[in-house]
1. Restricting attention to segment 108-132, which residues are touching a Ser or Thr at 6+ places or on another chain (Cβ under 8 Å) and either at pLDDT 95 or above or under 10 Å from N156 (Cβ atoms) (or both)?
2. Could you please give the count of residues in segment 97-111 that are touching a Leu at 6+ places or on another chain (Cβ under 9 Å), exposed (fewer than 15 other Cβ atoms within 10 Å of the Cβ) and of a type outside the set (A, V, I, L, M, F, W, C)?
3. Looking at (1) more than 16 Å from the chain's Cα centre (by Cα); (2) surrounded by 22 or more Cβ atoms within 10 Å (Cβ to Cβ); (3) not acidic (D, E), which one does H20 not meet, given that it meets all the others?
4. Sort out which residues of segment 96-112 are β-branched (V, I, T) and either under 20 Å from the mean Cα position of the chain (by Cα) or assigned to a helix (DSSP H, G or I) (or both), and write them in order of number.
5. Could you grab me the full set of residues in segment 176-233 that are basic (K, R) and closer than 21 Å to G141 by Cα?
6. Can you list residue pairs whose Cβ atoms sit under 9 Å apart, with the first residue in segment 62-91 being on the phi > 0 side of the Ramachandran plot and the second being part of a helix (DSSP H, G or I) and β-branched (V, I, T)? Count only pairs 6 or more apart in sequence or on different chains.
7. What number of residues in segment 139-162 are charged (D, E, K, R) and modelled with pLDDT of 95 or more?
8. Filter segment 56-95 for residues that are more than 18 Å from the chain's Cα centre (by Cα), more than 18 Å from S46 (Cα to Cα) and crowded, with 17+ Cβ neighbours inside 10 Å and give the result.
Amino acid sequence: MAGEILLQVDGLNTYYGRAHILADLALQAGRGEVVVLLGRNGAGKSTTMKSVIGLVGAASGQVAFAGKRIDRLSPYRIARMGLGYVPEDRRVFTELTVMENLEVGRQPVRDGAPTWTPDRLFELFPNLGRMKDRPGGRMSGGEQQMLTIARTLMGNPQLILLDEPSEGLAPVIVEQMAKTILQLKAEGLTVLLSEQNLHFSQMVADRAYIIEKGRIRYQGTMAELSADAAVREQYLSV
């Protein structure tokens, strides 16, 4: 595990009305690490992501990013600190072109984070470079997913949250997504992703947490999880 803890979540409790969604949830991610939050549909993965970025207010608990508490900040303030978020529903601006979508995400260069420009992003996502003037609404699901990630990277984040990045994508695009995440890690970026796809997670993640009914039920290295058939059967089999 990387030496510096970049994201620390402790005792997080989140409710939707009276429904207790996250119960004393705790996890962490070190600088330059890829961490996956695994679980079945409805386990609380997306709520965890939204609670970290501030879109869902936690009833109790703490979230610290780069040593500073963020659990009472607005999402835009959290984003300005260098924490990027890619939602599972690929919210591109459909009327704006690829270049215009990227400009929307632009933030200043920041210490401790890779610096991204459109040209660098087109090296990472060659498909986008071939459709700079195409509106977001005229792109495939996989292309929209790439554009959403690229737009988030224009904010030069230190850490990026990816919510279900492989969902609904063709296998060849899933492979491209895995290569992209590994390239981001090589740049020094920290990645926290939520996934149901174990195979995809095994390609990219250093460590794994398994969530079930809003509680962390397992944590370990990806290699340890890959070797533990009983845990996979109990918490991840469909």
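The values are calculated or read from the model by the stated rules, or taken from the named source; none is laboratory data. It should be emphasised that the depicted structure is a prediction, and the values quoted were computed from it without experimental measurement. Because the Cβ atoms are built from the backbone with ideal geometry, glycine has one as well, and the counts that use them run over all protein chains shown.
1. V109, K132
2. Total meeting the criteria: 1.
3. All conditions are met except number (2).
4. V98, V104
5. Of the residues in segment 176-233, the ones basic (K, R) are 179, 185, 207, 213, 215, 217, 232.
Passing the criteria: only K179.
6. Correct list of pairs: R90/T148.
7. Narrowing segment 139-162 to residues charged (D, E, K, R): 143, 151.
Next cut, modelled with pLDDT of 95 or more only: 151.
Of the residues in segment 139-162, 1 are charged (D, E, K, R) and modelled with pLDDT of 95 or more.
8. Hit for segment 56-95 is L73, nothing else.
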